[in-house]
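Structure first, commentary second.
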Amino acid sequence: MSDTHLPKRAKRLPDQLLAELPDADVVFHAGDWVDTATLDLLERRSRRLIGVYGNNDGPELRARLPEVAYAELGGLRFGVVHETGPAQGREARCAARFPDLDVLVFGHSHIPWDTVAPGGLRLLNPGSPTDRRRQPHCTYLTATLAGGALTDVTLRLLPRRQ
């Protein structure tokens with residue numbers, strides 16, 4: 001997930017997303033939490049949390065989170081960062097910046113993204129579960145990691161808030 005912006009864009013994380021947390025081996029958050037309560041909640045409910053701070057995150061979150069996070073999971077090298085710059089040229093720019101990664105999870109735009117850069121770097125943006133901006137739905141991503149491969153990458157659409 002990314003760009004939760006709580007409590008400014010929503011009062012809480014969607015129930016559908018919260019219900020999936022205990023089943024996930026790893027939860028990624030690509031920044032713009034805005035409040036520390038969301039970080040505390042995800043730390044409590046996740047088996048493992050990998051997160052970074054975003055441009056809207058203040059000193060408390062920046063003291064607890066890195067700008068870029070790295071993890072090796074199931075033989076794949078993951079990175080998480082909030083901003084990757086404009087969509088045009090993103091694949092080449094990220095492949096040059098992160099040459100040792102297999103998967104880069106990023107946020108900032110609130111626009112879901114799933115592409116492969118030259119050289120094989122997979123770029124994933126889950127969108128936002130709380131602030132759809134110009135998108136038809138709020139979103140997050142789920143994926144399966146098995147046998148050294150990322151499979152079943154699925155964009156989860158959330159119902160509109162009432």
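Inside segment 71-108, can you point out the residues that are small (G, A, S), free of Cβ contacts under 8 Å to residues at least 60 places away in the same chain and either farther than 15 Å from L150 by Cβ or in contact with a Lys or Arg (Cβ under 6 Å, 6 or more places away or on another chain) (or both)?
Pass one, segment 71-108, residues small (G, A, S): 71, 74-75, 79, 85, 87, 89, 92, 95-96, 107.
Applying the additional criterion that residues be free of Cβ contacts under 8 Å to residues at least 60 places away in the same chain yields 71, 79, 85, 87, 89, 92, 95-96.
G85, A87, G89, A92, A95, A96 - these are the residues of segment 71-108 that are small (G, A, S), free of Cβ contacts under 8 Å to residues at least 60 places away in the same chain and either farther than 15 Å from L150 by Cβ or in contact with a Lys or Arg (Cβ under 6 Å, 6 or more places away or on another chain) (or both).
So if I check each of L42, L49, L18, which one is closer than 23 Å to P159 by Cα, crowded, with 17+ Cβ neighbours inside 10 Å and not hydroxyl-bearing (S, T, Y)?
Being closer than 23 Å to P159 by Cα, crowded, with 17+ Cβ neighbours inside 10 Å and not hydroxyl-bearing (S, T, Y) holds for just one of L42, L49, L18, which is L42.
Name the residues in segment 1-32 that are of a type in the set (G, A, S) and either under 10 Å from the mean Cα position of the chain (by Cα) or not in a loop (DSSP other than H, G, I, E, B) (or both), would you?
S2, A19, A30, G31
Output the residues belonging to segment 151-162 that are touching an Asp or Glu at 6+ places or on another chain (Cβ under 9 Å) and either surrounded by fewer than 18 Cβ atoms within 10 Å (Cβ to Cβ) or of a type in the set (G, A, S) (or both). Break it down stepwise before answering.
First, pick out the residues of segment 151-162 that are touching an Asp or Glu at 6+ places or on another chain (Cβ under 9 Å): 153, 155-156.
Once the filter is applied, which keeps residues that are touching an Asp or Glu at 6+ places or on another chain (Cβ under 9 Å) and either surrounded by fewer than 18 Cβ atoms within 10 Å (Cβ to Cβ) or of a type in the set (G, A, S) (or both), segment 151-162 yields V153, L155.
Could you go through segment 54-64 and let me know if any residue there is in contact with a strand residue (DSSP E or B) (Cβ under 7 Å, 6 or more places away or on another chain) and either free of Cβ contacts under 8 Å to residues at least 40 places away in the same chain or within 19 Å of H108 (Cα to Cα) (or both).
no
Can you find even one residue in segment 83-97 that is touching a helix residue (DSSP H, G or I) at 6+ places or on another chain (Cβ under 9 Å), buried (at least 20 other Cβ atoms within 10 Å of the Cβ) and either hydrophobic (A, V, I, L, M, F, W, C) or modelled with pLDDT of 95 or more (or both)?
yes
In segment 128-147, is there at least one residue being more than 27 Å from A10 (Cα to Cα), modelled with pLDDT of 95 or more and aromatic (F, W, Y)?
No; the residues of segment 128-147 include none that is more than 27 Å from A10 (Cα to Cα), modelled with pLDDT of 95 or more and aromatic (F, W, Y).
The values are calculated or read from the model by the stated rules, or taken from the named source; none is laboratory data. These numbers were taken from a predicted model, which means no experiment stands behind them. Every residue, glycine as well, gets a Cβ built from its backbone with ideal geometry; the counts of neighbours run over all protein chains shown.
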